[in-house]
Amino acid sequence: MKAYRLEKGVQLYRMGDPYNTEAVIETPMTEIDEKEVRYLKKALAGKGLRFTYTMDRDDIIFGLGENMGGINKRGKEYVSFCTDDYEHTEGKKSLYASHSFFIVDGRDTFGVFIDYPGKMKIDAGFTHKDTLEISVPNGDVDIYIIEGKSKNDIVKKFRRLIGKSYVPPKWGFGYQQCRWSYPTATEIEKVVLNMRERGIPCDTVYMDIDYMTDYKDFTVDETKFPQFPSFVEKMKGMGIKLIPIIDAGVKIEDGYDIYEEGMEKGYFCTTADDDTFVGAVWPGKCAFPDFLNPDARKWWGGLYKRLTDQGIEGFWNDMNEPALFYTPDHLEEVIENVKSSQGENLDIYSFFKFKDMVTGLSNREEDYKKFWHVDKNGQKINHYDVHNLYGYNMTRAASEGFLEIRPDKRTLMFSRASSIGAHRYGGIWTGDNKSWWSHILLNIQMMPGLSMCGFLYSGGDTGGFGDDADSELVTRWTQFSIFTPLLRNHAGGTRPQEPYSFCGDTAAYIKGAVQLRYALLPYLYSEFMKARRDDTGYMSPLAFEYDDKRSKRIEDQILCGDSLMLAPIYTQNARGRYIYLPEDMLCWRGKSPEDREIHMLRKGDHYLHVGVDEIPFFIRRDRMVAMGKVLNYVGEEMLRELNVIVNLDKLAKYEFYDDDGVDTNLDNQSILKLRVGYRGDEVVAKVEKTYGETEIVVVNFEIHTNENQVIHKKVYL
Ligand code: MIG
């Protein structure tokens, strides 16, 4: 083992010869004389290594990004292995991502990042309640231990290690409507008209797999989308961007130029004998681009131009764990076995084996062991050993492509599979959740962990992807998602789930929520961009700001940016909920930006009545929230007037960030410093322009004092 220091409090312990995942950006490091990993006890475990830490009874574990297991991850076991699994039930140990960064908070407080590209286990007190155990199957791994003044400070140091998060276009913060599928231009146009007629704001509509010709990547079926570029233009005229899906598997078909070019140049993953590896997804047999090969990545990135040339400005990358329905050779084996089982008496011993064989065709580890990459060093490496890097490098390929194709404008990009490092290239959505109440809570609990791992631009399928949603569930889910950077309603194979597909009342409730999203955009965008700039959380556990015993263990309230606390409703037929306030907060409750009521709530426990059409959120002490106007789509009008609601105790300060939302160059940003405080008994409000130009001409302050007074002030710029 070798030990290095990267910055104060950040130590790297290098065992053996680990694979360079490029999760950590180039950082100067100096070797230090440490013989043991701090906090963790190292032991040999077969061919691999095991690191253990004995937790104090009250230690808490935060982080681990996209995983089940709540905000406090203690008590469960997590397997870091990107998995295409659409049943996110409580016992699941892996979802689509590998996010192996966490903070132990308690007797000792420190962060751990396990930089390892293959399958690995984090047992957070599952096998033994007080033992945290990390197991890696071989002896080559980088372990980072991060110490800091606070949990926020630890996160900041970690994020500095892994580099800045991806920046989406501002319109990526609008409401987005998806379904598997709106298969034709006509269907898409209907969605847009439905939204616009009802005045429900909307910025994008998605194109799921059926837009392609025979599921061939980067093609558009002309019978379904005649004159595609003019349709794209027409939609833009209505304030709508179309977002096509891109799948990882490339259809094997003679005459399909992408397949032929990939074959000719050797850009696909290969078998042990250097043949092209074949796995099946939507189009049947597919070849898989070798995203670990920089040349293949460059080639793949360039392919997005086929769609950007037709006016497309955003994409989502799917099936990049990669998902494998089956491999033809294994399928052959199974068919043989089925045949030979004919006439057999399948009993307690043989039936389940038989059943597992037939139902277990997809995403088999044995299949992941059957293919190889040629990586940046020209080294042939088995996929299984670097499995978690596949989706990450697909997103990277796209993002590096955009840099060439449209360097000046931001491109919307998010992915299903990811691992640490991918946050520099795109966002993620949390995959195929279900229209279950428990999955609203899952969504709430996942968000802080994603922020910690740098995946700021993220969100869940609002309303739930699988199973039929009822109107109240979609309403409540939307009321939470209006605070997540990626706000997308998506479903597949279910009853229609667009806001207007339910009764008129429901459409009106959701409209109110979405309008609130657009009104809150100045705050949400400002917080997002500062979280990126400062390497802080966009969403965080309460424990990151409030260290009291109660706040630390809260699982259903989170912070959103620096000013807000959220306490979403996530249970069926609820007309309110219990909340805990760690300090006096302003409670905003309403149906829409205008139809609302604000009052001061004191520190402590409360029961809050919340109608099905109402959204509550809380403004922290000496904080403020900046709001704008409701628009049909982002950028419909310039932001000229800011409405700022202030919870004033002594002195409230806010840094308001804004930019044009499309430029990749962030120099065109503007920063306003807002201050509200007392001069004697008089309340004074100030706005100072500290950077760049702004279109804002007036700031309207609505100031709520601790004595429940409301004072209005206008400041002209
Ligand atoms: O396994 O493209 O998670 O969002 O609608 C199904 C069809 C493949 C999975 C994605 C989902 C998408 C669906 N895809």
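One equal scatterer on each Cα of region 62-159, no solvent, Debye formula: the resulting log10 I(q)/I(0) at q = 0.11, 0.13 Å⁻¹ is -0.31, -0.44. The Cα center of region 233-274 and the Cα center of region 142-188 differ in position by 24 Å. Under conditions of 20 °C and 1.002 mPa s, region 23-117 yields 140 µm² s⁻¹ as its translational diffusion coefficient, taking Rh as the Kirkwood radius over Cα pairs in the Stokes-Einstein equation. With the helix formula -39500 (n - 2.57) applied to DSSP H stretches of n ≥ 4, the chain reaches a computed 222 nm mean residue ellipticity of -7000 deg cm²/dmol. When the convex hull of its Cα atoms is viewed from all sides, region 348-494 shows a mean projected area of 12.8 nm².
For the chain, the solvent-accessible area of protein heavy atoms averages 38 Å² per residue (probe radius 1.4 Å; ligands and nucleic acids excluded). Using alpha carbons only, how many degrees (0 to 90, rounded to 10) separate the axis of helix 151-162 from the longest principal axis of the chain? Tilt of helix 151-162: around 50 degrees. Compared with the dominant Cα axis of the chain, that is its longest principal axis, helix 328-341 is turned about 70°. Going by alpha carbons, how many degrees (0 to 90, nearest 10) lie between the helix axis of 471-481 and the longest principal axis of the chain? It works out to around 80 degrees.
A simple packing score, the average count of other Cβ atoms within 10 Å per residue, orders the peptides 127-136, 315-324, 244-253, 358-367 as 315-324, 244-253, 127-136, 358-367, with the highest score first.
For region 476-582, the Kirkwood estimate of hydrodynamic radius, built from reciprocal distances between every pair of different alpha carbons, is 15.6 Å. Electrostatic bookkeeping for ASP115 treats Lys and Arg as +1 and Asp and Glu as -1; over the other residues with beta carbon under 12 Å from its beta carbon, the sum is -2. Across all C-alpha atoms in region 127-246, the radius of gyration and Dmax reach 22.7, 62 Å. Direction-averaged projected area, Cα convex hull, region 1-78: 7.1 nm², rounded to one decimal.
How much net charge surrounds ILE405 when only other residues with a Cβ under 13 Å from its Cβ are counted (Lys, Arg +1; Asp, Glu -1)? Walk me through the intermediate numbers first.
On the way: positive: LYS298, LYS305, ARG306, ARG406, LYS409, ARG410; negative: ASP309, GLU313, GLU400, GLU404, ASP408.
Result for the neighbourhood of ILE405: +1.
For region 182-298, give me the percentage of DSSP beta bridges that are antiparallel, rounded to the nearest 5 percent. If we restrict to bridges inside region 182-298, about 65 percent are antiparallel.
Dividing the mean sequence gap of close Cα pairs (under 8 Å, 6+ apart) by how many residues the chain holds gives a relative contact order of 12 percent.
For region 631-647, putting each phi into the Karplus relation 6.51 cos²θ - 1.76 cosθ + 1.60 with θ = phi - 60° gives couplings of 10, 6, 7, 4, x, 4, 9, 5, 7, 10, 10, 10, 10, 10, 9, 10, 9 Hz, in residue order, rounded to whole numbers and with x for Gly and Pro.
Which of the peptides 694-705, 618-629 is most tightly packed, and how do the rest follow, going by the mean number of other Cβ atoms within 10 Å of each residue?
Per-residue mean Cβ counts within 10 Å order the peptides as 618-629, 694-705.
For region 71-85 and region 606-664, compute the distance between their C-alpha centroids and round to whole Å. Answer, in whole Å: 34. The DSSP beta bridges internal to the chain are antiparallel in roughly 75% of cases. Shape analysis of region 611-664 yields a ratio of the Cα radius of gyration to the Kirkwood radius, Rg/Rh, of 1.05.
For the chain, report the convex hull volume of the alpha-carbon atoms normalised per residue, in Å³, without decimals.
Working: hull volume 124.7 nm³, N = 717.
Enclosed volume per residue, from the Cα hull, is 174 Å³.
Could you sort the peptides 471-478, 337-344, 494-501, 40-47 by per-residue average Cβ neighbour count (10 Å cutoff), highest mean leading?
Values: 471-478: 23.0, 337-344: 9.9, 494-501: 18.6, 40-47: 12.6.
Listed from highest to lowest mean packing, they are 471-478, 494-501, 40-47, 337-344.
Shape annotation for region 198-329: C-alpha extents along the principal axes are 58, 26, 26 Å, from largest to smallest.
Only alpha carbons enter this Debye calculation for region 367-442, each as an equal point scatterer, and the log10 of I(q)/I(0) it gives at q = 0.27 Å⁻¹ is -1.16.
How much net charge surrounds LYS224 when only the other residues with a Cβ under 10 Å from the Cβ of LYS224 are counted, with Lys and Arg +1 and Asp and Glu -1?
Combined, the nearby Lys, Arg, Asp and Glu give -4.
Between the alpha-carbon centres of region 297-324 and region 346-372 there is a gap of 32 Å. Near ILE246, the amide H atoms lying under 5 Å from its own belong to TRP316, ASN317, ASP318; only residues 5 or more places off or on other chains count, and H is placed 1.01 Å from N. Based on alpha-carbon atoms, the Kirkwood radius and the radius of gyration of region 268-368 give Rg/Rh equal to 1.14.
What part of the accessible area of the chain, given as a whole %, is carbon or sulfur when the probe is 1.4 angstrom?
Numbers: 13010 of 27200 Å².
Roughly 48 percent, rounded to a whole number.
The values are calculated or read from the model by the stated rules, or taken from the named source; none is laboratory data. Owing to the predicted nature of the structure, the values given are computational and were not obtained by experimental measurement. Every residue, glycine as well, gets a Cβ built from its backbone with ideal geometry; the counts of neighbours run over all protein chains shown. These area figures cover heavy atoms from the full protein model, side chains too; ligands, DNA and RNA do not enter into them. Shrake-Rupley method; radii C 1.70, N 1.55, O 1.52, S 1.80 Å.
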